[in-house]
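Trainee: Right, I'll just put the structure down here and ask away after.
The values are calculated or read from the model by the stated rules, or taken from the named source; none is laboratory data. Remember, it's a predicted structure, so these values are computed and weren't measured experimentally. Quick reminder, even Gly has a Cβ in these numbers, built from the backbone with ideal geometry, and neighbours come from all protein chains shown. Heavy atoms of the whole protein, side chains included, go into the accessibility calculation; ligands, DNA and RNA do not. Shrake-Rupley method; radii C 1.70, N 1.55, O 1.52, S 1.80 Å.
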Amino acid sequence: MQIMSTKGAAGGGLRERKKRATRAALAEAAVRLAAEHGAEKVTVEAISAAAGVSVRTFFNYFDTRDDAFVVIDADAGARIRRAVLDAPAALSPLEALREAMVAELAEAEQQHELWRLHARVLHASPHLLVRSLGAHMADETELAEAIAARIRSGGRPASATGPGSEPDEKRREALDLYPRLLAAVAGTAVRTSVEHWYARQEEAAFLDVFQEVFALLAAGLPAPSA
């Protein structure tokens with residue numbers, strides 16, 4: 001689930017905010033240059049210059065040049081997982097995940113141009129698209145683990161669960177399936193919301209579309225009336 005957001009810039013100390021801003025500037029420069037010239041023609045030197053930093057600074061944030069194209073916001077997944085784990089116990093797993101994702105997607109409408117450019121870059125370079133899918137799958141697996149942990153704890157912090165709180169074998173098998181399905185469906189919900197909103201930007205705000213998608217999921221995807 002590759003969500004692009006500057007939300008994380010609001011938290012942490014000054015040093016951490018500067019680091020996040022630098023990384024975001026490098027990722028945006030990489031995407032814009034790749035959209036204009038093609039990813040294969042974009043160098044680390046060009047990306048660094050466009051972001052106003054040194055090549056040495058670039059490698060403080062990315063192991064390779066391609067990483068700058070693939071991973072826009074490396075911290076988004078961790079923020080979503082933490083929000084899912086910290087959500088009020090009264091929320092269902094679906095509601096907790098929806099609220100966590102809404103917080104990350106709040107700036108989507110302001111960043112839709114970058115979203116579009118990023119998609120264009122990935123689809124123009126098959127090897128980058130494959131790497132992006134790999135990153136998405138890894139992120140999805142970690143999200144499923146966070147959802148499972150929330151379910152096992154009954155929505156309480158992990159430290160509050162006692163030794164007798166582990167589910168029996170049959171329930172554990174169900175938990176293995178449900179978190180994986182919910183994490184996968186959430187990723188599809190984001191993609192569907194973005195695609196639908198792109199085609200109808202004048203009709204509704206992005207977050208309204210996203211909320212409607214999750215409302216349909218929560219209702220069990222009832223068939224629409226003719």
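Trainee: Tell me yes or no: at least one residue of the stretch 86-103 is in contact with a Phe, Trp or Tyr (Cβ under 8 Å, 6 or more places away or on another chain) and open to solvent by 40 Å² or more (accessible area, probe 1.4 Å).
Mentor: So far as the stretch 86-103 goes, yes, one or more of its residues are in contact with a Phe, Trp or Tyr (Cβ under 8 Å, 6 or more places away or on another chain) and open to solvent by 40 Å² or more (accessible area, probe 1.4 Å).
Trainee: Within the stretch 20-43, restricting attention to residues that are of a type outside the set (Asp, Glu) and surrounded by fewer than 16 Cβ atoms within 10 Å (Cβ to Cβ), which residue is modelled with the lowest pLDDT?
Mentor: Ala21
Trainee: I'd like to know if the stretch 128-140 contains one or more residues that are crowded, with 16+ Cβ neighbours inside 10 Å, modelled with pLDDT under 95 and of a type in the set (Asp, Glu).
Mentor: yes
Trainee: Of the conditions (1) surrounded by 11 or more Cβ atoms within 10 Å (Cβ to Cβ); (2) modelled with pLDDT of 85 or more, Arg172 clears all except one; give me its number.
Mentor: Among (1) surrounded by 11 or more Cβ atoms within 10 Å (Cβ to Cβ); (2) modelled with pLDDT of 85 or more, Arg172 violates only (2).
Trainee: Given the conditions (1) surrounded by 12 or more Cβ atoms within 10 Å (Cβ to Cβ); (2) at pLDDT below 65; (3) among the hydroxyl-bearing types (Ser, Thr, Tyr), report the number of the one that Tyr178 does not fulfil.
Mentor: All conditions pass for Tyr178, except number (2).
Trainee: For the structure I just gave you, tell me whether Ile147 is out of contact with any Ser or Thr (no Cβ under 8 Å at 6 or more places or on another chain), outside any helix (DSSP H, G or I) and open to solvent by less than 30 Å² (accessible area, probe 1.4 Å).
Mentor: No.
Trainee: Separate question: If you check every pair at least six apart or on different chains, which have Cβ atoms under 8 Å apart with a residue in the stretch 108-135 that is β-branched (Val, Ile, Thr) first and a residue that is open to solvent by less than 70 Å² (accessible area, probe 1.4 Å) second?
Mentor: Every condition considered, the pairs that remain are Val121/Val31; Val121/Ala34; Val121/Ala35; Val121/Ala39; Val121/Phe69; Val121/Leu128.
Trainee: Sticking with this structure for a sec: What pairs come out if I take residues in the stretch 17-44 that are touching a residue at least 60 places away in the same chain (Cβ under 8 Å) and pair them with residues that are of a type in the set (Ser, Thr, Tyr) and open to solvent by less than 80 Å² (accessible area, probe 1.4 Å) whose C-beta lies under 6 Å away, six or more apart or interchain?
Mentor: Cβ pairs passing all conditions: Ala39/Ser125.
Trainee: May I ask you to say which residue of Val121, Val70 is open to solvent by less than 30 Å² (accessible area, probe 1.4 Å) and more than 16 Å from the chain's Cα centre (by Cα)?
Mentor: Val121
Trainee: Report whether or not Ala49 is open to solvent by less than 60 Å² (accessible area, probe 1.4 Å), out of contact with any strand residue (DSSP E or B) (no Cβ under 7 Å at 6 or more places or on another chain) and either of a type in the set (A, V, I, L, M) or in a loop (DSSP other than H, G, I, E, B) (or both).
Mentor: No; evaluated as a whole, the condition is false for this residue.
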